[in-house]
Amino acid sequence: MEAKFEELIEGFITNKIGISTSFLSLPLAAALLQNIHKLNRDSRMERAGVGNGSVKDKTQKIRGDKTCWIDSKSKNIAEMEFLDMIKEFMGHLNKTCFTGVNSCEFHYAMYDEGAFYSRHKDQFRNDYNRKFSIIGYLNEDWQVSDGGQLIIHREDEEDQEILPNNQKAVFFQSDVLEHQVAVANRVRMSVTGWLKRS
Ligand code: OGA
Ligand code: MN
């Protein structure tokens, strides 16, 4: 486990974004994916958007994903395993980088075919406690032609494109680095969340 944690932290320190290609085990990724399918069947994946009326309309033009929060006290085996792993990662991060993170929140995200998320920074202003983002991807056999790349924009440097391949995790400060999700040409699933210090 520590090797995966180090991969994320090392990439974050040297390149502002850590990537671990097999952060989630195959069974865990498969179980989390099944959870999203079930939530979607039960109409519990909801179009992302804040506010009502025109604010919501505007948000929905910017992002087309559907989300559902994971209960921090969930008794679902896969969710418990995932959150335990994140807690272990937070402990490792605090020990090695003195970050002082002490809680987290995660949601599932689903982009239907044709959905995207325009260039943005995550708004941490309405939650100062959010310090880092982690996204874990749940998409088997994802090809470049499937689109849906996480594109990281940097000043004076070429954009970095990251495919949302199954088991992969990325770790970065999404309120600092501008990023977007390219149009997904097939359904694109993830678990997305924030590490917090309160
Ligand atoms: C987000 C986001 C990127 C991704 O949910 O804010 O930028 O790769 N997601 O899913
Ligand atoms: Mn974002």
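So the values come out like this:
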quantity	calculated
Binned Cα-Cα distance frequencies in region 6-65 - 10 Å width, integer %	19, 22, 32, 25, 2
CD proxy at 222 nm, helix term only [per DSSP H run n ≥ 4: -39500 (n - 2.57); per residue of the chain; nearest 500]	-10000 deg cm²/dmol
Prolate/oblate/rounded call for region 77-121, Cα gyration tensor, a/c under 1.5 rounded	oblate
For ARG63, solvent-accessible area (1.4 Å; no DNA, RNA or ligand), Å²	50
Cα coordinate range in region 136-198, projected on the principal axes (Å, largest first)	36, 32, 15
Kyte-Doolittle mean at least -0.5, axial Cα span of 27 Å or more - DSSP H helices of the chain	77-97
Whole-angstrom gap from region 92-106 to region 115-158, using each part's C-alpha centre	20
Accessible area per residue in Å² at 1.4 Å probe, computed on region 89-198	45
Highest-MSF residue in the chain out of PHE12, PHE172, PHE98 [GNM, Cα springs under 10 Å]	PHE98
Global form of region 100-162, assessed from the alpha-carbon gyration tensor, a/c cut-off 1.5	oblate
Around VAL176: net Lys/Arg minus Asp/Glu count, Cβ-Cβ under 12 Å	+1
Loop-resident sites, region 115-145, for chymotrypsin sites (Phe, Trp or Tyr not before Pro), counting at most 12 other Cβ within 10 Å (DSSP)	TYR128
Whole-number D in µm² s⁻¹ for the chain, Kirkwood Cα-pair radius fed into Stokes-Einstein, 25 °C, 0.890 mPa s	144
At q = 0.11, 0.18, 0.20 Å⁻¹, base-10 log of I(q)/I(0) for region 33-116 (Debye sum, equal scatterers on each alpha carbon)	-0.43, -0.89, -0.96
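The values are calculated or read from the model by the stated rules, or taken from the named source; none is laboratory data. Just so it is clear, the model here is predicted, and its values are computed rather than measured. Backbone-built Cβ (ideal geometry, glycine too); neighbour counts: all protein chains shown. Each accessible area value is taken on the protein alone, full model and side chains, heavy atoms only, with ligands, DNA and RNA left out. Shrake-Rupley method; radii C 1.70, N 1.55, O 1.52, S 1.80 Å.
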